[in-house]
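Values quoted throughout were computed directly from the atomic coordinates according to the rules given, and no laboratory measurement underlies them. Keep in mind the model is a prediction, meaning the values are calculated, not measured. Cβ atoms come from the backbone with ideal geometry, glycine included; neighbour counts cover every protein chain shown.
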Amino acid sequence: MADLLASRRRLLQGLAAGAGAGLLSGCDALSREPRVVSVLGAVEPLSMRVQRALTGDRLAAEFAESMISPVFRANGSIDPRTPEYLALKAGGFAAYRLRVDGLVRRPLEFSLEALRALPQRTQVTRHDCVEGWSVIGKWQGVPLAHLLDLAGLRPGARYVVFDCFDDLAGDGSRYYESIDLDDAYHPQTIAAHRLNDAPLGVANGAPVRMRIERKLGYKHAKYVHAIRIVDSYAGLYGGKGGFWEDRKYDWYAGI
Ligand SMILES: Nc1nc2c(c(=O)[nH]1)N[C@H]1C(S)=C(S)[C@@H](COP(=O)(O)O)O[C@H]1N2
Ligand SMILES: [Mo]
C-alpha cells in the first residue's frame, strides 16, 4: 500500500504540473498515523467476500452535528474545466440533469428540483481518504436505492457506474467509479446535493456527488452526471471499474 500511495503522489504531482485541470495537488499530507496504516492494512489483504461477510451490511458510524469539521477538505478535481461542466456551472446548474440509464426498464432524468422533491436521507459521516486524512460532514441526498427502484432494474444488472464531468487525468477522459448492487442498495448510499445545510459547492462535487459511506474516499464520485446500470465494467477505460482502480487501487475499497 505504501507503494500505491507513493505512486499516487507522483501521478498527481505530474498532473498538477502538466494539465492544470483544476486539481489540488494535496498529497503532501501522506500520513503514517497508526490509524491510517491499520485501516489500509486491515482491508487490502482481505478478499471482498470475506470482508463483506464480516461487515458488509453494517452502517457506517454517524456523528453528532457538533462533530462536523469546520471545513470539508476538497481533494482531486476541485474546479472542473471541461466544457460541458463550465456551461452548466455558468447557468447555475439550472440545465443540469442526472441520468439513470443502462440496464433499466425506464431510463430517467432528474433536474435538481426533481431530485429535491424525492425522498431524502441526511447523515453526518466521516470521509476517509487513502492519503491519510478524514473530515466529518453532513450530507443530504436521495438514496440510490430509490433512484434504482424508480428506474427498475433489468435482468443482467450487476454494477452501477457513476460518470463524472471532470477530466482528472487531463487527457480527455473522465473520472468514473463503480459499485455492485449490494453497495448500491446500502441505506447510506445517496446521491448527495447538500453539504452542511447548503447546496453542494463546486470544490466538493457540485451539483451532485455520491456518498457511499462504507467506502474509501475515491469511490465517492463527485460531479456525477449519469448513473449507469451495467452487467460488467470491463469495457470501460482501463477495465478495473474506476479512475483510481485503473491505477492499481482496490476496487472494493471497504472501510
Ligand atoms: N469526479 C471525481 N470524484 C472524486 C475525485 C475526483 O478527483 N473526481 N476524487 C476522489 C477522492 S480521492 C476523494 S478523497 C474525494 C474527495 O472529495 P472532497 O473533495 O469532497 O473531499 O472525492 C473522490 N471523488
Ligand atoms: Mo481520496
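A compact table of results
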| read-out | value |
| --- | --- |
| DSSP bridge pairs, segment 60-245: antiparallel proportion in percent, nearest 5 | 90 percent |
| Gain upon complete extension [residue 231, residue 59; 0.36 nm per residue less C-alpha separation] | 59.3 nm |
| Length-normalised contact order of segment 60-245 in % [C-alpha pairs under 8 Å, at least 6 apart] | 26 percent |
| Set of segment 221-255 residues, backbone N closer than 20 Å to the point 7 Å along the Cα-Cβ line of residue 79 | 222-224 |
| log10 of Debye I(q)/I(0), alpha-carbon scatterers only, for segment 60-245 at 0.08, 0.13, 0.15 Å⁻¹ | -0.23, -0.63, -0.85 |
| Relative contact order of segment 162-203, pairs being alpha-carbon contacts under 8 Å that are 6 or more residues apart, as % | 23 percent |
| Within segment 158-199: backbone nitrogen closer than 13 Å to the residue 95 label point (7 Å, Cα to C-beta) | none |
| Residue (of 176, 188, 232) at the positive-pole extreme of segment 166-239, dipole from beta-carbon charges | 188 |
| Full-extension gain in nm, residue 180 to residue 68, via 0.36 nm per residue minus C-alpha separation | 37.4 nm |
